[in-house]
Number of protein chains: 4
Amino acid sequence: MAETNKDHLVQSDDPDHPANLIPRLCKQFYSLGWVTGTGGGTSIRMDEHVYIAPSGVQKELIKPSDMFVLSYPTPKYPPSARQYIRKPHELKPSACTPLFLAAFERGAGCCIHSHSQWCVLVTLLVEKMHGKDACFEISNIEQIKGIPKGPGKGMLGFHDTLRVPIIENTPFEEDLTESLEKAMEQYPDTYAVLVRRHGIYVWGETVAKAKTQCESLDYLFQLAVEMHRLGLPWTI
Amino acid sequence: MAETNKDHLVQSDDPDHPANLIPRLCKQFYSLGWVTGTGGGTSIRMDEHVYIAPSGVQKELIKPSDMFVLSYPTPKYPPSARQYIRKPHELKPSACTPLFLAAFERGAGCCIHSHSQWCVLVTLLVEKMHGKDACFEISNIEQIKGIPKGPGKGMLGFHDTLRVPIIENTPFEEDLTESLEKAMEQYPDTYAVLVRRHGIYVWGETVAKAKTQCESLDYLFQLAVEMHRLGLPWTI
Amino acid sequence: MAETNKDHLVQSDDPDHPANLIPRLCKQFYSLGWVTGTGGGTSIRMDEHVYIAPSGVQKELIKPSDMFVLSYPTPKYPPSARQYIRKPHELKPSACTPLFLAAFERGAGCCIHSHSQWCVLVTLLVEKMHGKDACFEISNIEQIKGIPKGPGKGMLGFHDTLRVPIIENTPFEEDLTESLEKAMEQYPDTYAVLVRRHGIYVWGETVAKAKTQCESLDYLFQLAVEMHRLGLPWTI
Amino acid sequence: MAETNKDHLVQSDDPDHPANLIPRLCKQFYSLGWVTGTGGGTSIRMDEHVYIAPSGVQKELIKPSDMFVLSYPTPKYPPSARQYIRKPHELKPSACTPLFLAAFERGAGCCIHSHSQWCVLVTLLVEKMHGKDACFEISNIEQIKGIPKGPGKGMLGFHDTLRVPIIENTPFEEDLTESLEKAMEQYPDTYAVLVRRHGIYVWGETVAKAKTQCESLDYLFQLAVEMHRLGLPWTI
């Protein structure tokens, strides 16, 4: 594979090109506490290419040239058609790749993986209160309106109950794929899946949607933890 | 409507022109956690024009050209005189518009809508402790002096009790208008109205006053939540 | 008074000149939550001049030209020798001025007034636990070593007990002067005085010392609140 | 000693040269709350030189010219071979120096000393729950995977238990050396040692590893404090 020939894929004057946007987003996510200590990651699909931040690096320092690029002819293609067409030397591809692809298969244009502590705490509180099979539920908070009701269904209303499924963590990140896909099937309207003791995967049709949905969810998880401390229930 | 002809309304070399100031303020409010995930908003009145940030966008990325402009001949005009004279393509006007106008009718020059979690938590704690009809009350904290006693009455003193009314949230933001105006009538000295499970509307005669009053209120709400956790009463 | 003639007092190419340094410090203090909503303030003495940030303005936006300058021939002069020699139009002098001067009389080169919530909470917790006459006490925390033992006595040691006196707040800030000076006499080794339900005054021989001592104190107050929540005592 | 002749040691156009990198890291650590009020510090070894930030200065303002440089021919040399070859005038060498050297003796390329409050709180909670001889332990949290299992052993797994030894603080920082080295012997796989009521020393083979491991540990300590507050155990 002549990797050097593929550098044009990550060179663009457009500040919103995925190769420029992923570094900027990762820097912002770092300051939000989502990608501390090389954790977390981000991926954007543009046409027949998927851009992915590398694994095990300081996310606030990523450069366009660090980007992995995967061929992605179109959703619903056989997975065998997916292969790296650009692999930076000395960098490892993200173990989140199959999880990001699961989101792209559902029509996503961007997928964010956050290690935010509010996600971890919420998965622990749900387990403690309702057991391992329960999902996170909250209602009657304005910020819920920042989350879609489901594909093509508009946004959730104030009185609606937001539900986010929770899957168990596995020793190897790629082994989450099966349970993530199962959760996607069980909750066909969700744009996010929490991973117990780990974090969250959030996706959206566009970068802006994925990012703002991830922000709204993080806001709701933080609020839920504070509410729990103050003896206030999450649903009414 | 020849919208393109109205671009001069949002083009100015003055960094404090509303079209330049709203983007700068929104960026600052984003870092304060007030407009996470497209939530919240800001509006400034300058002479016969009202400038409003659009709905559903990343508030930290707003540009002058994204601004909506409403004709606003003068307060106390029939509401029918208000109409959009600049509407950016592909952007939605803010659902907060009638609420911002209610503040301008009271002589405000700027109105800020924040989704700060401290606002949401305070409305829940007041309801839990004193019921749905109670307002938020705090006294004997220095920062209270950052809030006016009422129009033309100077600032609150250290021993005064700050009261902020709380209205119930509604599924559609524009439906808050009636109860917001009722709270304004019931509390003629207030420069802010909390919305339960949602956030707050804060206004002031100038941008600086609206912003610093919103900061002082946010400080007091955060302090109140921390005091509650530590078993310290809000009034003495 | 020909105020315009005094502009040279606030014009300097030296980034560490008080007229340039106070705006930079205030911006940093804003991001630390010490001067929210026009609260707090800062003053620096250089030779026979005292520079003071104005009252009632957004502290993160202060410019060199906003600075008040007071003649200050030398410490121990009759207070009548102190007078404003530069007063910016349309700005109000800080009500903290007599309190800053009290610190300069004790040989300070800089005095910082912070409204940090950790200060307010600590004054309330001390009152609740030990009554109105008690001071704040903490020991056996490394950060204590960032606070001087007293003028000319070196820094506190790890096993020493840091004591910070607390005075009661008054409706008008200038009325704090008498009790502040009394606390300075009672605690001749202190470089800081807490004001109940209000904040703190911290001073130092240099700007760097005042600032880093204020940071160390704020760190210790925050830690003390967290320790209290976790049932951990402040002294052993 | 002709100190001025050694200025070339701290002059480089490479932004990742230790003399440029330490100031940048210290600024970042300041914003993370690790080096408040002149606390904490950082040191990098490059070939036969060790670069150390000075003591008692504002860490966010350090310049390359402030750097101390120590000759460090190679690990396992007699300690007598270590001596300052560059000492900036008017600055004091860091009292952490022997502690940094202890890490370099174990093959580290960078050592970070943080005063993060989460470290302090965790050492107090461990003492309260398990006594003075216990170490910090946490398991089944994804972020654990950001910490190595030990030299040449790869990273910890999700189900592994992370153990960080805790040593008692001493009045003088250099007196920690003996107990730090003892903890290093007792826990040959650790890359970090907590100091009760003080902070932490974290090291790594490279700057990136030391920094991201320090971030992961800080994340875990903060999470542990929050978990404790919510009644959630650290290990399962």
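Only one entry in A:GLN213, A:GLN186 is among the polar types (S, T, N, Q), open to solvent by 60 Å² or more (accessible area, probe 1.4 Å) and either modelled with pLDDT of 95 or more or within 11 Å of the chain's Cα centre (by Cα) (or both), namely A:GLN186.
Just one of the numbered conditions (1) more than 14 Å from chain A (Cβ to nearest Cβ); (2) of a type outside the set (Phe, Trp, Tyr); (3) touching a Lys or Arg at 6+ places or on another chain (Cβ under 7 Å) is not true of B:GLU60: (1).
Only one of the numbered conditions (1) within 30 Å of D:SER139 (Cα to Cα); (2) open to solvent by less than 10 Å² (accessible area, probe 1.4 Å); (3) in contact with a Leu (Cβ under 9 Å, 6 or more places away or on another chain) is violated by A:GLY199, and that is (3). The one condition from (1) buried (at least 18 other Cβ atoms within 10 Å of the Cβ); (2) under 21 Å from B:LYS211 (Cβ atoms) that C:SER55 does not meet is (1). The set of residues in region D:86-108 that are outside any helix (DSSP H, G or I) and open to solvent by less than 10 Å² (accessible area, probe 1.4 Å) comprises D:CYS96, D:ALA108. Go through the residues of region C:121-133 one by one and say whether even a single one is assigned by TED's automatic domain parsing to the domain that holds C:ASN169, under 28 Å from C:ARG45 (Cα atoms) and in contact with a helix residue (DSSP H, G or I) (Cβ under 9 Å, 6 or more places away or on another chain). Checked against the condition, which is being assigned by TED's automatic domain parsing to the domain that holds C:ASN169, under 28 Å from C:ARG45 (Cα atoms) and in contact with a helix residue (DSSP H, G or I) (Cβ under 9 Å, 6 or more places away or on another chain), region C:121-133 yields no hits at all. Here A:TYR191 qualifies as hydroxyl-bearing (Ser, Thr, Tyr) and either buried (at least 21 other Cβ atoms within 10 Å of the Cβ) or in contact with a His (Cβ under 9 Å, 6 or more places away or on another chain) (or both).
The set of residues in region C:188-236 that are among the β-branched types (Val, Ile, Thr) and more than 8 Å from chain D (Cβ to nearest Cβ) comprises C:THR190, C:VAL193, C:VAL195, C:ILE200, C:VAL202, C:THR206, C:VAL207, C:VAL225, C:THR235, C:ILE236. For region B:186-213, the set of residues classified as over 18 Å from B:ALA134 (Cβ atoms) and of a type in the set (D, E, K, R) consists of B:GLU205, B:LYS209, B:LYS211, listed by residue number.
If you take the residues of region C:111-132 that are in a helix (DSSP H, G or I) and surrounded by fewer than 17 Cβ atoms within 10 Å (Cβ to Cβ), which of them is farthest from the other protein chains (Cβ to nearest Cβ)? The residue in question is C:HIS130. Taking (1) over 18 Å from B:GLY199 (Cβ atoms); (2) more than 17 Å from the chain's Cα centre (by Cα) in turn, B:LYS27 satisfies each apart from (2). Restricted to region C:139-179, and to residues there that are within 14 Å of chain D (Cβ to nearest Cβ) and of a type in the set (Asp, Glu), the residue that is most open to solvent (accessible area, probe 1.4 Å) is C:ASP160. In the set (1) in contact (Cβ under 8 Å) with a residue 40 or more places away in the chain; (2) touching a His at 6+ places or on another chain (Cβ under 9 Å), the condition left unmet by B:GLU142 is number (1).
Of the residues that sit in region A:1-51 and are of a type in the set (Asp, Glu) and modelled with pLDDT of 95 or more, which one is surrounded by the most Cβ atoms within 10 Å (Cβ to Cβ)? It comes out as A:ASP16. Just one of (1) crowded, with 18+ Cβ neighbours inside 10 Å; (2) of a type in the set (Phe, Trp, Tyr); (3) within 19 Å of C:PRO98 (Cα to Cα) fails for C:TYR219. It is (3). Of the residues examined, A:VAL69 is one that is of a type in the set (A, V, I, L, M, F, W, C), open to solvent by less than 20 Å² (accessible area, probe 1.4 Å), away from every other protein chain (no Cβ under 13 Å) and over 17 Å from the mean Cα position of the chain (by Cα).
The values are calculated or read from the model by the stated rules, or taken from the named source; none is laboratory data. Remember, it's a predicted structure, so these values are computed and weren't measured experimentally. Neighbour counts run over all protein chains shown; Cβ positions are idealised from the backbone, glycine included. Accessible surface is based on the protein model in full, side chains and every heavy atom, while ligands, DNA and RNA are left aside. Shrake-Rupley method; radii C 1.70, N 1.55, O 1.52, S 1.80 Å.
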